[in-house]
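In what follows, a structure is listed as structure tokens, so that the remarks can point back to it.
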Amino acid sequence: MSTPILVLNCGSSSIKYQVIDTDTEMVWATGLVEKIGLADSELTHTTPDREETLKAPLPDHDAALHLVVKAFADIGPDLSEVVAVGHRTVHGGDRFRDTVLIDDNVIQGLIELSGLAPLHNPPGVAGIKAAQDILPNVPHAAIFDTAFFATLPPESYTYAIDTTVAHQYGIRKYGFHGTSHSYVSKKTAEVLGRDLASFNQIVCHLGNGASISAIKRGMPVETSMGMTPLQGLVMGTRSGDIDPGLFAYLARVADMDSAAVDTFLNKRSGMIGMTGGMNDFRHIMAAMDAGDEAAHLAFDVYVHRLVGYIGSYHALLGGTQALVFTAGVGENAQPVRAAVCERLAPLGFWLDPELNRIRQKTPWVISRPNSPIAILVVPTNEELAMARATAALTQ
Ligand code: ADP
């Protein structure tokens, strides 16, 4: 018996996909389409025994998904075996608080939410429509990045602004990366051999985008991303927290309109802005080794922000029992973990330098055996979590 699910993650210029059998958790195929909308778009399709790259100009998501179908037809596995499709959907707003089966009402709802997530929801909708055309006879589900945080308490999700304006425009904290925070927090409980509801944890999802959550007995009580994924930690290309006065100031002195400031803070800030062009920690750490002062400062700003958040969440939780690192930077950049934990040692986060140097694909503990707070690296697997959520809803 097998339950192969196709999970799709459509970004503005890329599509990531996997076929996962949720019974065996075997990955049958993974793929990435890049540079959609440009002349040199390409697709890489990988199966357990083959990897192929197909190049073709792909004007839109429809064309991209048709190339994906061709890759499945030429290389396998057989797409007709797929029993359901799960779509990563960034913004569920107030309306979608859990995984839903996609119908016309859901698509309409996602279109209406595009104002809140102009970069993310429109490509998601384009991907859903194209996938429904290609696989019309199986159920399609939407899995929301915001869903895990739908139960945040009001004191966390309320911004201190006029309530009428906030309600009129849906201005509140929603939180993102929820699929990862949920998956990793459950996995952490498994690794520690504890009931999820018996302890508190702080999960740091440090990828190109980065967010942190405070999870009290299994329920999120705070997270760093806000109404949009711009708030919070320093990220690869996003500023994270900033004085909101900057918007008016840049409009005045630099003649930047709101779209220009938005692009500046989302695409040209964070690590890439501070280092003059680097958002990959492999490059940043190599530059630090070579004595690059801008890289050093950017690293220090990144760590400073993270330490501040962890300390704050430790307080909000009334004490945490676990600190967990995940995603590209969290799983691989051991100097980041070392720098963060060194600063947090007085609060009971005692890192073991030897354990911190280990690299592996499965979760492991990196704190000293007598550390008051457990510190772990737990690789995230958003695709598996999405496939499971889709299977749970559709099978
Ligand atoms: P996203 O899903 O947000 O695109 P990922 O979770 O894949 O991001 O993380 C990508 C980032 O992880 C890279 O930009 C890089 O900074 C970091 N990263 C990946 N591999 C390594 C590594 N071996 N050492 C240090 N950093 C790494």
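The values are calculated or read from the model by the stated rules, or taken from the named source; none is laboratory data. Owing to the predicted nature of the structure, the values given are computational and were not obtained by experimental measurement. Using ideal geometry, Cβ is built from the backbone for each residue, glycine included, and neighbour counts are taken over all protein chains shown. Heavy atoms of the whole protein, side chains included, go into the accessibility calculation; ligands, DNA and RNA do not. Shrake-Rupley method; radii C 1.70, N 1.55, O 1.52, S 1.80 Å.
Structure values in brief
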{"quantity": "Residue match in the stretch 337-355 (condition: surrounded by fewer than 20 Cβ atoms within 10 Å (Cβ to Cβ) and within 19 Å of SER239 (Cα to Cα))", "calculated": "no"}
{"quantity": "Checklist (1) out of contact with any Phe, Trp or Tyr (no Cβ under 8 Å at 6 or more places or on another chain); (2) within 16 Å of the ligand (Cβ to nearest atom) applied to MET271, failing item", "calculated": "(1)"}
{"quantity": "Residue in the stretch 306-315 that is within 16 Å of the ligand (Cβ to nearest atom), under 19 Å from the mean Cα position of the chain (by Cα) and buried (at least 18 other Cβ atoms within 10 Å of the Cβ) present", "calculated": "yes"}
{"quantity": "Yes/no for ARG359 being in contact (Cβ under 8 Å) with a residue 12 or more places away in the chain, open to solvent by less than 60 Å² (accessible area, probe 1.4 Å) and either within 16 Å of the ligand (Cβ to nearest atom) or among the aliphatic types (A, V, I, L, M) (or both)", "calculated": "no"}
{"quantity": "For PRO57: the one exception among (1) of a type outside the set (Val, Ile, Thr); (2) in contact with a Gly (Cβ under 8 Å, 6 or more places away or on another chain); (3) modelled with pLDDT under 95", "calculated": "(2)"}
{"quantity": "Qualifying position, being out of contact with any Pro (no Cβ under 7 Å at 6 or more places or on another chain), on the phi > 0 side of the Ramachandran plot and small (Gly, Ala, Ser), among GLY178, GLY170", "calculated": "GLY170"}
